[in-house]
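Here's the structure, in structure tokens; my notes come after.
The values are calculated or read from the model by the stated rules, or taken from the named source; none is laboratory data. Computed from a prediction, not measured in an experiment: that's the story for all the values here. So basically every Cβ, Gly included, is an ideal-geometry build from the backbone, and we count neighbours across all protein chains shown. SASA here: full protein model, heavy atoms, side chains in, ligands and nucleic acids out. Shrake-Rupley method; radii C 1.70, N 1.55, O 1.52, S 1.80 Å.
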Amino acid sequence: MTDERVALISEISEVLETVTNKTIELKPGMNIVNDLGLDSIAVMNFCMALEDRFDISIPLHDMASVVTVDDLASTVETLRSNA
């Protein structure tokens, strides 16, 4: 894993902490819903916070393919590079 990806996952972790008010150490293979215990409202709040933090818009069809933290990092990277 590249240093850039590690830094991005760290930023994503910071966003998640603001949404959940809990410290969570994210790992690339973690399942966002199952491993993190997020319900649908928490996932939507997390998505909105990510959009604000990274100045991106995450289309619903992109979120449907996001399962792991690594998937999310890839999606954020792609959306940031297309902005």
Notebook entry, point to check: What is the spin-label model distance, in nm, from D52 to D35 if the labels are put 7 Å beyond Cα along the C-beta direction?
Noted result: 2.6 nm
Notebook entry, point to check: What part of the accessible area of the chain, given as a whole %, is carbon or sulfur when the probe is 1.4 angstrom?
Noted result: 51 percent
Item checked: Solvent-accessible heavy-atom area per residue, rounded to whole Å², over the chain at 1.4 Å -> 61 Å²
Note to self: Show me the three semi-axes of the equivalent ellipsoid for the chain, from the C-alpha gyration tensor (sqrt of 5 times each eigenvalue), largest first, rounded to whole Å.
What the structure shows: 17, 15, 13
Checklist line | Spacing of the two label points (7 Å from each Cα toward its C-beta) at R5 and T18, in nm | finding: 2.5 nm
